[in-house]
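Shown next, in structure tokens, is the structure this report addresses.
FYI, it's all coordinate maths here, none of it is from the lab. These figures come from a predicted structure and were not determined experimentally. As a convention, Cβ positions derive from the backbone with ideal geometry for all residues, glycine included, and neighbour counts pool all protein chains shown.
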Amino acid sequence: MDLTARASLDLLPDGVVVAGADHVIEVANAEAARMLGVPSADDLVGRRLVEVLRLQNQSGETWFDHNQPYRGLSTRTGVPEQSWVLPDGTEVVVTARIGRPSLSEPVAWVAISLRSGRGRARLDRERSDLVATVAHEIRSPLTGVKGFVQALLNRWDKLSDDQRKLMLTTVNADADRLSRLIAELLDVARIDTGRLSLFPRPADVVVLVQRVVDSISAGTARSVGLEVAGPVPEAHLDPDKFTQVITNLIENAIRHGDGQVNVSVRAITDETDFSGALVTVDDQGVGIPDEMRRRIFTKFWTHGERGGSGLGMYIVNGLVRAHGGVLTISHSPSGGARIMTAWPQGEPLGE
């Protein structure tokens with residue numbers, strides 16, 4: 001191998017070891033040497049693979065003995081990703097490719113990749129946290145539903161009509177909460193996998209925002225004001241997703257802020273490099289510290305004592321960006337939080 005190719009291998013974050021038909025290592029990089037506990041890659045070249053690849057599983061088997069890369073069916077082309085442990089106890093993820101000149105000839109080379117297991121461990125922790133968070137969010141309303149239904153079944157004849165109605169109303173509210181959580185989880189999955197379906201068309205932003213404000217105002221004691229400044233151009237958006245975004249922002253302002261919530265709609269001036277409509281939601285709470293603003297858009301991130309699933313702002317940001325828009329967070333004039341969403345007048349570039 002020439003120096004340029006060898007230097008390129010040393011730039012890789014994973015360890016690479018390539019052995020020939022005689023089981024002797026012909027190529028290795030610096031990361032493989034570090035993982036396998038030898039001074040340099042040159043100290044690996046010329047040694048037998050079985051001597052150097054000292055990896056064991058929970059049963060004490062070595063990677064070489066367990067996988068037998070030079071044996072097996074002639075159609076075998078590799079070894080799938082597996083978790084193994086180095087002599088110092090470090091976990092590594094190992095995979096291999098097996099090469100033959102033809103199906104009738106023996107193995108000519110085995111290329112092995114070694115990757116640190118820390119990333120997998122972190123991913124496993126994140127998945128565990130995700131499962132725990134979702135389980136907690138589902139269990140809370142489900143416990144309420146179960147309790148009230150059980151009470152209704154056991155004490156139906158002893159309860160008055162008002163008591164029954166109150167219990168059923170509570171059950172209905174908890175069921176709605178479960179439905180919203182499931183819808184949020186589905187939205188997160190669609191955003192993460194790029195399968196979010198949008199049906200954009202020119203829409204009157206003022207009319208859509210007015211409907212959201214009227215709907216939320218009817219169900220809360222908090223004051224929600226709307227100000228429209230000058231003529232506002234139509235925006236190219238999915239009305240349902242836009243309504244979801246604005247509803248979430250106003251409800252967040254009510255939940256986490258204090259005093260009146262102010263919503264304003266106007267044309268974009270110099271906030272972005274595209275023309276369109278700008279919708280701003282201000283609250284009169286304590287605001288959002290600068291160091292927390294990026295974290296708001298992560299999944300299951302919550303702040304304060306007023307709860308929530310921690311998915312709302314992640315979904316909001318994903319929906320705005322899917323429209324080619326921009327979301328920014330700053331301080332409102334009253335000291336609370338200001339969240340601005342900019343919606344393009346035309347179709348996003350690339351559509």
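Taking ALA203, ALA21, ALA337 as the candidate residues, the one with maximal mean-square fluctuation in a Gaussian network model of the chain, Cα springs under 10 Å, is ALA21.
Annotation: extensible slack from ARG139 through VAL24 equals 35.7 nm (criterion: 0.36 nm per residue apart, minus Cα-Cα distance).
With the simple spin-label model, which puts each label point 7 Å out from Cα in the Cβ direction, the ALA132 to ASN172 separation comes to 3.7 nm. When all alpha carbon pairs of the stretch 138-294 are counted in 10 Å bins from zero, the resulting P(r) reads 9, 26, 32, 20, 10, 3, 0 %.
Put simply, the stretch 3-116 fits an ellipsoid with semi-axes of 21, 18, 12 Å; these come from the alpha carbon gyration tensor as the roots of five times its eigenvalues, largest first. What does the charge count around ASP88 come to, taking other residues whose C-beta lies under 14 Å from its C-beta (Lys +1, Arg +1, Asp -1, Glu -1)? Value of the local net charge: +2. Sequence-distant contacts, meaning Cα pairs under 8 Å at least 6 residues apart, place the relative contact order of the stretch 201-344 at 24 percent.
Per-residue extension of 0.36 nm, minus the Cα-Cα distance of SER160 and GLU271, leaves a gain of 34.1 nm for this segment. Pairs of Cα atoms nearer than 8 Å and 6+ residues apart set the relative contact order; for the stretch 168-271 it is 31 percent.
All distinct Cα pairs of the chain go into the 1/r average, and the inverse of that average, the Kirkwood radius, is 25.4 Å. Calculated over the stretch 201-344, the projected area of the Cα convex hull averaged across directions stands at 8.1 nm².
If you take the Cα centroid of the stretch 215-239 and the Cα centroid of the stretch 31-100, the two points sit 61 Å apart.
In the neighborhood of MET35, defined by Cβ-to-Cβ distances under 14 Å, what is the net charge if each Lys or Arg adds +1 and each Asp or Glu adds -1? Counting the neighbours of MET35, the net charge comes to -2.
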